[in-house]
Amino acid sequence: QVQLVESGGGLVQPGGSLRLSCAASGFTLSDYAMSWYRQAPGKERELVAHITQAGDTTHSADSVKGRFTISRDNAKNTVYLQMNSLKPEDTAVYYCNAERVSGRTSRMYWGQGTQVTVSS
């Protein structure tokens with residue numbers, strides 16, 4: 001079974017840190033570009049951070065630049081999102097995404113999401 005499972009979410013005070021993990025099973029993560037998305041109530045799902053299949057290039061949304069870092073450990077079939085200096089506006093469900101494009105075909109997988117709540 002192909003599956004992505006996020007973990008590491010929870011309740012944290014403003015200024016705190018969390019590290020989210022996304023573990024893949026049923027496929028090889030190193031073949032995929034990986035992204036973290038988030039969605040808050042009443043808002044559209046937005047891209048938070050992206051890392052290329054090769055792992056040599058990353059991109060972060062302006063709202064999280066300097067605070068969030070995406071990384072991958074292909075040996076563990078896992079991608080991470082380190083979140084520092086968290087703000088209440090970071091509160092959302094965070095989703096892991098894996099995508100592979102080969103020729104005219106593409107393949108994409110989504111995790112179920114993990115809740116991050118930043119509140120005092």
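Side notes on the structure shown:
- Gyration tensor (Cα) of the chain, equivalent ellipsoid semi-axes in angstrom: 24, 14, 13
- For the chain, averaging the sequence separation of C-alpha pairs within contact (under 8 Å, six or more residues apart) and dividing by the residue count gives a relative contact order of 35 percent.
- Listed residue (Ile70, Ile51, Ser102) projecting farthest to the positive dipole end of segment 12-120, Cβ model: Ser102
- Residues of type lysines that Lys87 reaches as a straight line, Cα spacing below 16 Å, ignoring anything fewer than 8 places off in the same chain: Lys65
- Shown is the FRET efficiency for Arg100 and Asp56, computed with R0 = 22 Å from the Cβ-Cβ distance and rounded to the nearest 0.05: 0.85.
- Those GluC sites (Glu not before Pro) in segment 1-62 that DSSP places in a loop and that have at most 14 other beta carbons within 10 Å: Glu44
- Highest-fluctuation residue, Ser25, Ser63, Ser102 considered, GNM on the chain with Cα pairs under 10 Å: Ser102
- Karplus-derived 3J(HN,Hα), 6.51/-1.76/1.60, for each residue of segment 103-120, Hz, glycine and proline x: x, 8, 10, 9, 9, 9, 10, 10, x, 7, x, 9, 7, 10, 10, 10, 7, 9
- Segment 8-50: C-alpha gyration tensor shape, a/c 1.5 cut-off, then a/b vs b/c: oblate
- Sulfur and carbon atoms: percent of accessible area, the chain [1.4 Å]: 44
- Sites excluded, trypsin sites (Lys or Arg not before Pro) in DSSP loops with at most 16 other C-beta within 10 Å, longest stretch of the chain: 1-42
- Accessible surface calculations at 1.4 Å, restricted to protein heavy atoms, place segment 23-69 at 53 Å² per residue.
- For the chain, the Cβ-based charge dipole about the Cα centre amounts to some 80 debye (Lys, Arg positive; Asp, Glu negative; other atoms uncharged).
The values are calculated or read from the model by the stated rules, or taken from the named source; none is laboratory data. The structure presented is a predicted model; accordingly, all values stated were derived computationally and were not measured. All Cβ positions, even for glycine, are placed from backbone atoms using ideal geometry, and neighbour counts span all protein chains on display. Note: accessible area is taken over every heavy atom of the protein model, side chains too, but ligands, DNA and RNA are not part of it. Shrake-Rupley method; radii C 1.70, N 1.55, O 1.52, S 1.80 Å.
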